[in-house]
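One structure below.
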């Protein structure tokens, strides 16, 4: 697990904490490293968890399938990102979504009670982690509001424009890559893949954009 300390140092949860202090905190927080193969489930809908997790290698999708197998991608987890914090509160209920490894992945689990309860020595670094957890939850809420903005659009074109415009702003470039293939993008925006592909072709023919696989150029 020590090999991932430099990754943890760059995470929001351990922002402002030195590598030596992180190593000491791994024991304090009862950290546990788990490995998942591509296509494996990290967590399944209906489970109850008592951990906050950080992805230190690979890529994950938070997703949900309906009764007929139609999939919606709620969000994507990149290396260094935290997840599971929405269930940190006591009696928060079972998981509402699945967490799937879309690449071979390593995840570190932290006992949430150990994080939110300051240790007996009241070390400064533990207090920083508690503060960082609050900030991380606030950032996740901001991203959720952002996605609700995409989903509130009525048409597939409006959803595409909202999402691609936001990505161009975020990456400060009219040319950018997105982290989804076509099916994943359709699942993320909750639209039909064929209808979305047709709309993208129409937008290209109208001179609004160009694209190749997951690479886009907005005009």
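The values are calculated or read from the model by the stated rules, or taken from the named source; none is laboratory data. In this text, all values refer to a predicted model and were calculated from it rather than measured experimentally. Positions of Cβ are backbone-derived with ideal geometry, glycine not excepted, and every protein chain shown enters the neighbour counts.
Would you say residue 129 is modelled with pLDDT under 90 and either surrounded by 20 or more Cβ atoms within 10 Å (Cβ to Cβ) or under 17 Å from the mean Cα position of the chain (by Cα) (or both)? Let's see the steps before the verdict.
Values: modelled with pLDDT under 90: yes; either surrounded by 20 or more Cβ atoms within 10 Å (Cβ to Cβ) or under 17 Å from the mean Cα position of the chain (by Cα) (or both): yes.
Yes.
Go through (1) more than 13 Å from the chain's Cα centre (by Cα); (2) in contact (Cβ under 8 Å) with a residue 12 or more places away in the chain and name the single condition residue 56 misses.
Of (1) more than 13 Å from the chain's Cα centre (by Cα); (2) in contact (Cβ under 8 Å) with a residue 12 or more places away in the chain, only one is false for residue 56: (1).
How many residues, within the stretch 158-207, are touching a residue at least 12 places away in the same chain (Cβ under 8 Å), part of a loop (DSSP other than H, G, I, E, B) and more than 17 Å from residue 73 (Cα to Cα)?
2
Conditions first: (1) in contact with a helix residue (DSSP H, G or I) (Cβ under 7 Å, 6 or more places away or on another chain); (2) part of a helix (DSSP H, G or I). Residue 73 passes all but one, so which condition is the exception?
Every condition holds for residue 73 apart from (2).
Residue check: is residue 9 touching a helix residue (DSSP H, G or I) at 6+ places or on another chain (Cβ under 6 Å), under 13 Å from residue 82 (Cα atoms), surrounded by fewer than 20 Cβ atoms within 10 Å (Cβ to Cβ) and assigned by TED's automatic domain parsing to the domain that holds residue 97?
yes
Does residue 23 satisfy being closer than 28 Å to residue 125 by Cβ and not assigned by TED's automatic domain parsing to the domain that holds residue 181?
yes
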